[in-house]
Amino acid sequence: MSFPSICVFDSAEVAVRELAGEISELIRSRAAQGRMAVLGLATGNTPLPLYQELVRLHRHHGLSFANVVSFNLDEYMGLAREHPQSYWAFMHRHLFDHIDMPESHIHLPSGILPEADIAAHCAEYEARIRDAGGLDFQVLGIGGTGHIGFNEPGSPKDSRTRRVLLDELTRRDASTAFGGIDQVPTQAITMGCGTILEARRIVLLAWGPRKAAIVHTALRGPLTEQVSASFLQEHPNTSFFLDRDAASSLECLPSATPCRSVTTPPRRACVPG
Ligand code: F6R
């Protein structure tokens, strides 16, 4: 069997409706069993429409997040929670402030730590994920370097939560939001590739033509530490949710095999890649 499945949608909006539907089914089925749903969450531009859709489902369709526990992928080193560019602030601005998830269920690595505490903090983050029962569902974006989380080129497949140096390209991509590359932190704490790959279900999102080449490399290139998203090729339950532009370098489009374009709001419209 070949992994992962590739799902091509007319637009990001259609894709996130499908994804939010899958996530809400997980949350509701767990709630019915009196259990928690453990979500791994990403920041950046890519998941913004997903968070809008989840907020809409909460406001207008009664989706409760009371039984959700979340673990974010990463946080910039040196940014306090209150910093507008911190991922803690991002997640509250776009999701947590608008849903009924208890604050105690929310986990992000801390960006403000004394040097001596960093290793213990990372080990504790891993332990918390384990204690929660592991990640049920991990949402990912993909960076220009092919990173998932902040697993930049050179990140081993079995890497765990740790401090990393950010690649120059990653810092350049973030420079507009920070008002200049000099303002972008040089380090972050990220879940490792090994941590991410233990999630029981993974969906990587990518929109727009700028992501087309790196999506192609991740899916069709060799498995390599140089492109951490390539490790997803070996994960048995990963889907790439792409809009047409992000899928435009995949050789199988627009013909019907092996990918299939999705033109209407789908249910389970994925095919193996
Ligand atoms: C964010 C993260 C990163 C981003 C990636 C894409 O928590 O871990 O891997 O998903 O850099 O960023 P955007 O979505 O802004 O293109």
Mind checking which residues of the range 53-82 are in a loop (DSSP other than H, G, I, E, B), crowded, with 22+ Cβ neighbours inside 10 Å and more than 14 Å from the ligand (Cβ to nearest atom)?
-> PHE65
The range 143-198: number of residues that are surrounded by fewer than 19 Cβ atoms within 10 Å (Cβ to Cβ) and of a type in the set (Gly, Ala, Ser) = 8
Please verify whether the range 233-254 includes one or more residues that are in contact with a His (Cβ under 9 Å, 6 or more places away or on another chain), under 30 Å from ARG130 (Cα atoms) and modelled with pLDDT of 95 or more.
-> no
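Please work out if SER11 is under 30 Å from LEU250 (Cα atoms), of a type in the set (Ser, Thr, Tyr) and surrounded by fewer than 17 Cβ atoms within 10 Å (Cβ to Cβ). Let's see the steps before the verdict.
Details: under 30 Å from LEU250 (Cα atoms): yes; of a type in the set (Ser, Thr, Tyr): yes; surrounded by fewer than 17 Cβ atoms within 10 Å (Cβ to Cβ): yes.
When the stated conditions are applied, SER11 passes them.
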First in the range 232-254 and under 23 Å from ALA199 (Cβ atoms) and surrounded by fewer than 22 Cβ atoms within 10 Å (Cβ to Cβ), second anywhere and of a type in the set (D, E, K, R) and modelled with pLDDT of 95 or more, Cβ under 6 Å, 6 or more apart = ASN237/ARG201
Selection from the range 14-46 of residues assigned to a helix (DSSP H, G or I), within 16 Å of the ligand (Cβ to nearest atom) and loosely packed, with under 15 Cβ neighbours inside 10 Å yields none
Restricted to the range 212-229, and to residues that are out of contact with any Pro (no Cβ under 8 Å at 6 or more places or on another chain) and not in a helix (DSSP H, G or I), which residue is nearest to ALA246 (Cα to Cα)?
-> GLY221
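Give me the residue from the range 100-142 that is among the hydroxyl-bearing types (Ser, Thr, Tyr) and in contact with a strand residue (DSSP E or B) (Cβ under 8 Å, 6 or more places away or on another chain) and, out of that set, least open to solvent (accessible area, probe 1.4 Å).
Quick first cut of the range 100-142, residues among the hydroxyl-bearing types (Ser, Thr, Tyr) only: 104, 110, 125.
From the residues that got through so far, the ones that are in contact with a strand residue (DSSP E or B) (Cβ under 8 Å, 6 or more places away or on another chain) too are 110, 125.
Details: SER110: 35, TYR125: 11 Å².
So, considering only residues that are among the hydroxyl-bearing types (Ser, Thr, Tyr) and in contact with a strand residue (DSSP E or B) (Cβ under 8 Å, 6 or more places away or on another chain), the one least open to solvent (accessible area, probe 1.4 Å) is TYR125.
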Quick one: how many residues across the range 150-198 are touching a Ser or Thr at 6+ places or on another chain (Cβ under 7 Å) and closer than 19 Å to GLY221 by Cα?
-> 5
Quick check, is SER239 among the hydroxyl-bearing types (Ser, Thr, Tyr), within 17 Å of the chain's Cα centre (by Cα), away from the ligand (no atom under 11 Å from the Cβ) and part of a loop (DSSP other than H, G, I, E, B)?
-> no
Of the residues SER11, SER110, SER29, SER104, which single one is within 29 Å of GLY208 (Cα to Cα) and out of contact with any Ser or Thr (no Cβ under 9 Å at 6 or more places or on another chain)?
-> SER11
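The values are calculated or read from the model by the stated rules, or taken from the named source; none is laboratory data. Note that this is a predicted model, so its numbers are computed, not measured. As a convention, Cβ positions derive from the backbone with ideal geometry for all residues, glycine included, and neighbour counts pool all protein chains shown. Keep in mind that these areas ignore ligands, DNA and RNA; they rest on the heavy atoms of the full protein, side chains included. Shrake-Rupley method; radii C 1.70, N 1.55, O 1.52, S 1.80 Å.
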